Amino acid sequence: MDLRVGGESAYAYTGGKAFDPRLPAIVFIHGGELDHCVWILQSRYLAHHGHAVLAVDLPGHGRSGGAPLASIGAMADWIVALLDAAKLASAALVGHSMGSLVALDCAARYPERVSRVALVGTGFPMRVSPDLLEATRTSEPEAQRMINLWSHAAHAHYPGNPGPGFWVAGGNLRLLQRQKPGVLHADFAACESYRAGLERAAQVKCPALLVLGRLDAMTPARVGRDLARAIPNSILKMLNDSGHNLMGEKPDEVLDALVEFLRA
């Protein structure tokens with residue numbers, strides 16, 4: 001589905017079903033230097049089970065036009081503009097990593113537009129080491145290799161997991177590599193500079209779910225737990241054998257957690 005948001009083209013995958021704004025809506029928000037592809041299983045299942053789905057490409061990512069936005073707050077504003085363009089009064093937001101900060105910020109500042117919020121592979125602060133941040137600016141290939149290594153538990157680095165012929169880490173690396181130059185640095189700088197996480201967490205009024213990987217080296221589980229404690233009445237789901245790329249390493253478990261949460 002192609003929309004116009006802020007004068008630029010905006011792409012959203014609808015899960016293989018025609019988008020129907022009369023159905024309960026879900027917007028999926030990807031992480032840094034990724035795109036809508038990370039949500040294929042979850043978005044497709046929910047689109048075929050009674051939901052209107054928009055798995056978006058943020059500006060400058062994937063098939064969306066424009067330049068990557070410089071701050072988490074600007075991305076949250078863009079999500080609301082996307083809801084307007086899709087003629088949605090409100091939606092549930094599901095965000096991974098950087099996208100989880102976007103979903104959190106949006107839920108706190110636009111409570112009338114967000115019915116539920118699910119944060120996957122999340123935590124606050126979402127710090128980026130100075131060396132890695134510099135590498136995102138001066139040596140994208142090296143930064144991509146480091147990020148891909150740290151985004152997966154050890155078992156995901158071998159072919160054949162979770163299915164024959166499917167290599168989780170290799171697929172994720174190719175997804176990073178196909179984004180436009182400069183996107184990686186913009187995204188990681190936005191995560192590093194975001195300071196309002198705990199303030200926004202306290203302002204969330206809608207039901208909230210956090211799905212964390214116990215082996216996550218990018219957003220460690222301890223900072224995810226800290227964020228969960230800051231969100232009133234939030235639900236925490238821990239996946240014991242997963243790293244940061246939860247949708248790739250534990251796709252069914254992430255889907256099950258979302259389905260249970262959305263049906264509650």
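The values are calculated or read from the model by the stated rules, or taken from the named source; none is laboratory data. On a predicted model such as this, the values are computed, not experimentally measured, just so you know. Cβ placement follows ideal geometry from the backbone for every residue including glycine, while neighbour counts extend to all protein chains displayed. Surface areas here come from the heavy atoms of the whole protein model, side chains and all, with no ligands, DNA or RNA. Shrake-Rupley method; radii C 1.70, N 1.55, O 1.52, S 1.80 Å.
By accessible area, using a 1.4 Å probe on protein heavy atoms only, the stretch 38-142 has 55% of its surface on carbon and sulfur. List the lysines whose Cα sits under 25 Å from the Cα of Lys87, skipping any in the same chain fewer than 8 residues away. Here the lysines satisfying the reach criterion relative to Lys87 are Lys17, Lys205. Checking (1) 18.0; (2) 19.3; (3) 20.2 against the coordinates, the calculated Kirkwood radius over Cα pairs in Å falls under label (1).
The distance from the alpha carbon centre of the stretch 116-160 to that of the stretch 53-96 is 21 Å, rounded to a whole number. Positive end of the dipole of the stretch 91-245 (Cβ unit charges, origin at the Cα centre): among Leu93, Pro111, Trp150, the Cα lying farthest that way belongs to Pro111. A simple spin-label model places the labels of Ala18 and Glu112 3.1 nm from each other, with each point 7 Å out along Cα-to-Cβ. Per residue of the chain, the DSSP helices (runs of n ≥ 4 H) give a summed -39500 (n - 2.57) that works out to -12000 deg cm²/dmol at 222 nm. Taking the Cα centre of the stretch 123-264 as reference, the dipole from Cβ charges on Lys and Arg (+1) and Asp and Glu (-1) amounts to some 300 debye.
Within the chain, antiparallel bridges make up roughly 20 percent of the DSSP beta bridges whose residues both belong there.
Ignoring lysines fewer than eight residues from Lys237 along the same chain, the ones with Cα atoms less than 18 angstrom from its Cα are Lys250.
Annotation: per residue accessible area for the chain equals 41 Å², rounded to a whole number [probe 1.4 Å, protein chains only]. Overall, the chain carries a charge dipole of about 460 debye about its Cα centre when +1 sits on the Cβ of Lys and Arg and -1 on the Cβ of Asp and Glu, all other atoms neutral.
Derived scalar couplings between HN and Hα for the stretch 217-233 equal 9, 8, 10, x, 4, 5, 6, x, 5, 4, 5, 4, 5, 7, 9, x, 6 Hz in order, rounded to whole Hz, by the Karplus curve 6.51 cos²θ - 1.76 cosθ + 1.60 (θ = phi - 60°), x for Gly and Pro.
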